[in-house]
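Below: the structure, in structure tokens.
Here, each number is a calculation from the coordinates, and none is a lab measurement. Predicted model, so just to flag it, every value in this text is computed and none were measured. No Cβ is skipped: glycine too gets one built from the backbone with ideal geometry, and neighbour counts run over all protein chains shown.
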Amino acid sequence: MFEARLVQCSMLKKVLEAIKELLNEATFDCSDAGIQLQAMDNSHVSLVSLNLRSDGFDKYRCDRNLSMGINLASMTKIMKCAGNDDVLTIKAQDNADNVMFMFESQNQEKVSDYDMKLINLDQEHLGIPETDYSCIIKMPSGEFARICRDLSQFGESVVISCTKEGVKFSAAGDVGAANIKLAQTANVDKEEEAVTIEMQEPVTLTFACRYLNSFTKATALSPQVQLSMSADVPLVVEYKIGDFGHIRYYLAPKIEE
Amino acid sequence: KNKQQSIRNFFKKK
């Protein structure tokens, strides 16, 4: 038996928003520890890794490990039927071929349940090695989204260049060239408005704009985003999810042909 | 011209 209760179902709506542009379907692996998801996008350029710890939920029970293959368009249809303040309960029997989503209004006067068929997915799990990154940049997630959106007008690729002084995002194309430089913030009132850089070595890498823009669909999950970079390895774009855990996106860099 | 690499080049299959 699997059962997870979430008083604010808006978190799951935001998670779905954050993955459905990159993934058509995904396997939600449920265990005693929580819910995990790992999947590559269709072109195998990026990888999404989601971790929701069981202790973040208001109630959580998972007697046996359960892998739920889910069509994300179907799940989106169901989650659209939930009010943001509804209490969500997800339930599945062991070895079930369906999962139930139950939404209760705060005053408990409206209760809806939706049964969704699970699908069999041939999932490929990849091992992500522990990496000491040369540069770790933390910045407001809204700022990162704005930069990705602005630069995507100028080219297909964004060059991210990080030094001790700051981080520079650049794009170039038919229109011309664009450069956005962010310095570390000296002092800010709110921690979430800060730009901080931990640098061991300067790094410059090139990435596809399209994927960065897809990652920013997670902006609603966290006020801050963390970018981790090292030469010749994938970029990690991480959004913390409150008391639950995180969503991480890995993006393979582009190389000179 | 930049070439897009696959994420599979970096992470091993479990």
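A few notes on this one:
- Residue in region A:115-160 that is surrounded by the most Cβ atoms within 10 Å (Cβ to Cβ), counting only those that are aliphatic (A, V, I, L, M) and within 14 Å of another protein chain (Cβ to nearest Cβ): A:Val158
- Filtered residues of region A:230-250 (kept if under 21 Å from A:Gly166 (Cα atoms), within 14 Å of another protein chain (Cβ to nearest Cβ) and under 17 Å from the mean Cα position of the chain (by Cα)): A:Pro234, A:Leu235, A:Val236, A:Val237
- Screening region A:217-229 for residues that are within 12 Å of the chain's Cα centre (by Cα) and aliphatic (A, V, I, L, M) and picking the one that is surrounded by the most Cβ atoms within 10 Å (Cβ to Cβ) gives A:Ala218.
For (1) in contact with a Gly (Cβ under 7 Å, 6 or more places away or on another chain); (2) surrounded by fewer than 20 Cβ atoms within 10 Å (Cβ to Cβ); (3) within 14 Å of chain B (Cβ to nearest Cβ), each residue gets a yes or a no:
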position: A:Ser170; (1), (2), (3): no, yes, yes
position: A:Gly173; (1), (2), (3): yes, yes, yes
position: A:Ala177; (1), (2), (3): no, yes, no
position: A:Glu192; (1), (2), (3): no, yes, no
position: A:Thr196; (1), (2), (3): no, yes, no
position: A:Glu201; (1), (2), (3): no, yes, no
position: A:Leu205; (1), (2), (3): no, no, yes
position: A:Ala208; (1), (2), (3): no, no, yes
position: A:Phe215; (1), (2), (3): no, no, yes
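- Checking each residue in region A:110-136 for being over 21 Å from B:Ile7 (Cα atoms), of a type outside the set (Ser, Thr, Tyr) and in a strand (DSSP E or B) picks out A:Val111, A:Asp113, A:Asp115, A:Met116, A:Lys117.
A quick yes/no check of all residues on (1) of a type outside the set (Lys, Arg); (2) out of contact with any strand residue (DSSP E or B) (no Cβ under 8 Å at 6 or more places or on another chain); (3) part of a loop (DSSP other than H, G, I, E, B):
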position	(1), (2), (3)
A:Glu3	yes, no, no
A:Lys13	no, yes, no
A:Leu16	yes, yes, no
A:Leu23	yes, no, yes
A:Asp29	yes, no, no
A:Leu37	yes, no, no
A:His44	yes, yes, yes
A:Leu47	yes, no, no
A:Leu50	yes, no, no
